[in-house]
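> Structure provided below as structure tokens; questions to follow.
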Amino acid sequence: MSDNIEMSEYDQIKNDYPNKQQLKFHNNDVLYTDNLLHEEFNQIQNYYKINIKEIGPTIQSINNYIFEEDLSLMIDELYNLILNDINKGREEKTIKKRFFDYINSHKINLREIYYWLQNNKTYSNSFYFLGYFNYYGIGIDVNKQKAFELYQKAAELENIVAQFELANMCMDGDDADQDYEKAFELSKKLTEGNYPCGINLLGYCYRLGIGIKVDIQKAFELYQKAADLENLHGICNLGVCYESGAGTEIDEQKAFELYQKAADLEHSQGINNLGFCYNNGIGIEFDEEKAFELYQKAANLGNNFAQYNLAIMYEFGDGIEKDFNQAIYWLKKSAEQGNKNAQIELEIVLKDYIL
């Protein structure tokens, strides 16, 4: 899964970055990928790092007894939770956290879930969640190739979330061969079903020419449709269009309002983009202190672009006192998530810092 986010004009100038999110100074177009949340997820996954091979054929859970019918209902509820989240454009880390919150609140034993999934492989949600377990290494080692194969099986059974995940993996080449045509076709299929997650994803395909000829106007229209359906990624991507004049006239005030809307709903990319507006006087009066506050908030939510932006403010003392230790800390956080600008800047800063 990835957070499908398109970059702003500034990002395109500063970066040669193929992913859906980007930024220096700051990011913007959004697709469907805290420091605190990141650490929490690691702890949760380690806690559930059980040996699946030792699972026995019992149905007893840690909360008295959970029968197969109950597990089936819970799997369906979990699936609907995730489907609702991706259509709303919630970010990957948030969706993972909500998945574990559901598991913990229902006192479900993950061993029993995995056993049940393994014994119900004619059911599309079973294939999807087996893929989910493999993708994130829940109770087993991460195996994205296996996840891809399982998502494929679920997608063939018309599983909507699996189709969405498969489209993203085909687009990103996430431990699978990139297949832009397949990514486009899956996105188109989801759009035909009027799923907001697919509409935004299809807009991204048209924006960057993924499996189809670039059509900026079509991308704008699809982002608008996704935003109208309250998809947070679509809202942010539409903001980028207004900010850069992609498929429409430049309207910085409109871009600011769209970023504000996403930020108000705790969307880390919206928060980061709003910080960018304050940092550059886009649709609002220039305010470095406010920009710093927003970058800090998004960085703590695990947004690698905000982490990079925050590091740059610390490095150069933009509106705050210079602090190389903080700059290095946030550059490392961002670099660990694959932000190429952070990786390059970190190498430069460490060299200068040592000298």
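> Give the separation of the Cα centroids, region 109-187 to region 227-300, in Å.
32 Å
> For region 179-250, restrict the atom set to alpha-carbon positions and state the Rg and Dmax in Å.
That works out to 11.1, 33 Å for Rg and Dmax.
> Please sort 141-147, 80-86 by packing, taking for each peptide the average over its residues of neighbouring beta carbons within 10 angstrom, highest first.
Answer by packing, highest mean first, reads 80-86, 141-147.
> What does the C-alpha gyration tensor say about the overall shape of region 65-167? Classify as rounded when a/c is under 1.5, otherwise prolate if a/b is larger than b/c, or oblate. Provide the component values of the computation, followed by the final result.
Details: a/c = 1.37, a/b = 1.14, b/c = 1.21.
Here region 65-167 falls in the rounded category.
> Between GLN145 and TYR102, take the C-beta separation as r, use R0 = 30 Å, and let me know the FRET efficiency to the nearest 0.05. Walk me through the numbers before you get to the answer.
Working: r = 27 Å, r/R0 = 0.90.
After rounding to 0.05, the efficiency reads 0.65.
> Quick one: order LEU265, LEU208, LEU117 from most to least accessible surface, probe 1.4 Å.
LEU265, LEU208, LEU117
> Still on this structure, please answer the following. When only alpha-carbon atoms are used, what values of Rg and Dmax, in angstrom, describe region 261-354?
12.8, 42
> Cross-link partners among aspartates and glutamates for LYS121, C-alpha distance below 16 Å, same-chain residues fewer than 8 apart left out?
Within the straight-line limit of under 16 Å, LYS121 reaches these aspartates and glutamates: GLU68, GLU69, ASP76, GLU112, GLU149, GLU156, GLU158.
> Quick one: in region 220-272, what % of C-alpha pairs are over 19 Å apart? Present the calculation step by step, with values, prior to reporting the outcome.
Details: 198 of 1378 pairs.
Counting every Cα pair in region 220-272, those more than 19 Å apart make up 14 percent.
> Here is a further query. Looking at this model, which pairs from LYS213/LYS297; LYS96/LYS322; LYS96/LYS261; LYS88/LYS144 are more than 32 angstrom apart at the alpha-carbon?
LYS213/LYS297; LYS96/LYS322
The values are calculated or read from the model by the stated rules, or taken from the named source; none is laboratory data. A quick note: this is a predicted structure, and the numbers were derived from the prediction, not measured. Cβ coordinates were reconstructed from backbone atoms using ideal geometry, including for glycine residues, and neighbour counts include every protein chain displayed. The area values use the complete protein model at the heavy-atom level, side chains included, leaving out ligands, DNA and RNA. Shrake-Rupley method; radii C 1.70, N 1.55, O 1.52, S 1.80 Å.
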